[in-house]
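Participant: Let me begin by handing over the structure; questions about it come next.
The values are calculated or read from the model by the stated rules, or taken from the named source; none is laboratory data. Just so it is clear, the structure is predicted and the values come from calculations on it, not from any experiment. Every residue, glycine among them, receives a Cβ derived from its backbone with ideal geometry; neighbour counts consider all protein chains shown. The accessibility values were calculated without ligands, DNA or RNA, using every heavy atom of the protein model including side chains. Shrake-Rupley method; radii C 1.70, N 1.55, O 1.52, S 1.80 Å.
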Amino acid sequence: MAIARFIATQCDTRFERPMQVVSGCGSVGIAVNISYETDQEITLEYLLRMAKEIESLPPVNHKHFKNVKPIY
């Protein structure tokens, strides 16, 4: 088994826009590490595909992920 690791920004849809206006930043959120075990071979293509899938997940409790990048 291999462990796939990513770094991402966790954003909250309720506060994201007001915080962007106040801070003047393009992205406001908490930096998080995401890791999970997989049976697949970890290739660059696999990591990039999974990063896109993580970003496209629907918000849960107003929280979603942006700027997901694999950690090699």
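Participant: Could you work out how far helix 44-55 tilts from the main Cα principal axis of the chain, as a 0 to 90 degree angle to the nearest 10?
Facilitator: Taking Cα atoms only, the helix is inclined about 30 degrees.
Participant: If you don't mind, there's one more thing I want to ask. Using modelled backbone amide H atoms (1.01 Å from N, in-plane), which distant-in-sequence or interchain residues come within less than 5 Å of Phe15's amide H?
Facilitator: The list, which skips near neighbours in sequence, is empty: none.
Participant: Skipping prolines and chain starts, which residues have an amide H placed within reach, meaning under 5 Å, of the one on Arg5, given they are 5 or more residues away or on another chain?
Facilitator: So Arg5 has HN proximity to Ile71.
Participant: Follow-up. Along the positive direction of the dipole of the chain (beta-carbon charges: Lys, Arg +1; Asp, Glu -1; about the Cα centre), which of Ser35, Thr9, Ser56 reaches farthest?
Facilitator: The residue sitting most towards the positive pole is Thr9.
Participant: Excluding ligands and nucleic acids, what accessible area in Å² is computed for Leu47 using a 1.4 Å probe, to the nearest 10?
Facilitator: In the full protein context, Leu47 sits at about 10 Å².
Participant: Only helical DSSP H runs with n ≥ 4 go in: add -39500 (n - 2.57) per run for the chain, normalise by residue count and round the 222 nm mean residue ellipticity to 500 deg cm²/dmol.
Facilitator: Helix-only estimate at 222 nm: -8000 deg cm²/dmol.
Participant: Largest first and to the nearest Å, give the Cα extent of the stretch 22-67 along each principal axis.
Facilitator: 43, 22, 16
Participant: So which GluC sites (Glu not before Pro) in the stretch 25-69 end up in coil per DSSP with only 12 or fewer other C-beta atoms within 10 Å?
Facilitator: Hits after loop and neighbour filter: Glu41.
Participant: Assign unit charges at the C-beta atoms only (+1 for Lys and Arg, -1 for Asp and Glu), then state the dipole size of the chain relative to its Cα centre in Debye, rounded to the nearest 20.
Facilitator: Dipole of the chain, to the nearest 20 debye: 360 debye.
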